[in-house]
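Take a look at the structure set out below.
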Amino acid sequence: MIAPRPTPITHKQVAAFLKPRPADSHKGLFGTVTVLGGAHGMLGAALLAGRAALQMGAGCVHVGLLADNAPGVDLMQPELMLHGASEAVGRVSPSGRNPTSPRSAHALVGLREKTANPTYPSDVLLIGCGLGQSPAAHKLLYDVLLLDLPLVIDADALNLIAQRPDLRGMLHSRQAPHVCTPHPGEAARLLACSTADIQKDRAAAAQKLAIKLGGSVVLKGAGSLCATSDGELHLNPTGNPGMSSAGMGDVLAGMIAAFIAQGLSADRALLLAVYLHGAAGDELAKQQATLGMSASEVTVWARWLLNQWISK
């Protein structure tokens, strides 16, 4: 397979998606993200994703945790609403959409989407951050794939899809958009090859993943590659080696979900989040903070940059 030549993502490109909020804004205009994961020993992954979604502008963020000993509140970010995982899925209406959430394109003005379709879903599900591979995790992913909601699929949710062709079939049959966020190891499992094979031709791997999984895909790593639903391939120029630490992928997934919740298409949300995520890491590197850079710090700097870009 000959992959298309990747087009670099630019600041001008992603900044065009942004627009200041009106003075009469309220939280109902900027969508709801529900993060599902946080099995025993991995609670931090789901919380990092939830915090990132909140700080990127989502109106409300729920976090559904699988761990039996899960806390009832995130003391570092008490604005997050914590639930058991099944309870968090249950808060979504049976039709797959929250009937009380406004979906007018005129309401979702924090981020601009140029499209003929005047409505957007305001509920987004992110599954996989600290999910684990227990029977409960399998059931949770199965239940989520039945919902008619935009999905961001990360980490162990991708590993489960790699193991089960039935889940992959469900993913392809969904009508709502989805974004998959594999790193090279997860990509290798999804494509039944070695990590070395992925790294040997990352562009071809990204294209194969987009075909196999449908929707939009980011193959993470140095020079992340975004394969969008229109068949295009985009190369991210931002980021640095200091971002090679735990939790960075959870933060990125939360950012993507937040931008979809606010009205961007899955493709645009992906490009904006990937570029912004790396740019935040680059700002930290300028502060001589490359060694020991944390995902939580990247979230804070991403929020600062996002506000700078919107104001301009």
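The values are calculated or read from the model by the stated rules, or taken from the named source; none is laboratory data. Being a predicted model, the structure only gives us computed values, none of them experimental. We place every Cβ from the backbone using ideal geometry, glycine too, and count neighbours over all the protein chains shown.
Note on segment 213-312: enclosed helices (runs of 4 or more DSSP H) holding 1 or more residues that are among the basic types (K, R) are 266-286, 295-311.
All conditions but one from (1) out of contact with any His (no Cβ under 8 Å at 6 or more places or on another chain); (2) over 25 Å from A285 (Cα atoms); (3) modelled with pLDDT of 95 or more; (4) surrounded by fewer than 23 Cβ atoms within 10 Å (Cβ to Cβ) apply to P237; the one that does not is (2). Contact map, segment 261-285: residues that are touching a residue at least 12 places away in the same chain (Cβ under 8 Å) and within 21 Å of P177 (Cα to Cα) paired with residues that are of a type outside the set (A, V, I, L, M) and assigned to a helix (DSSP H, G or I), Cβ distance under 6 Å, separation 6+ or inter-chain. Pairs shown: A269/F259; L272/F259; A273/F259. If you go through segment 188-203 one residue at a time, do you hit one that is within 18 Å of P8 (Cβ to Cβ) and surrounded by fewer than 24 Cβ atoms within 10 Å (Cβ to Cβ)? For segment 188-203, residues within 18 Å of P8 (Cβ to Cβ) and surrounded by fewer than 24 Cβ atoms within 10 Å (Cβ to Cβ): present.
Out of segment 124-142, which residues are over 24 Å from L270 (Cβ atoms), part of a helix (DSSP H, G or I) and free of Cβ contacts under 8 Å to residues at least 60 places away in the same chain? P135, H138, K139, Y142 - these are the residues of segment 124-142 that are over 24 Å from L270 (Cβ atoms), part of a helix (DSSP H, G or I) and free of Cβ contacts under 8 Å to residues at least 60 places away in the same chain.
Every test in (1) at pLDDT below 95; (2) touching a Lys or Arg at 6+ places or on another chain (Cβ under 9 Å); (3) not β-branched (V, I, T) is passed by A203 save one, and that test is (1).
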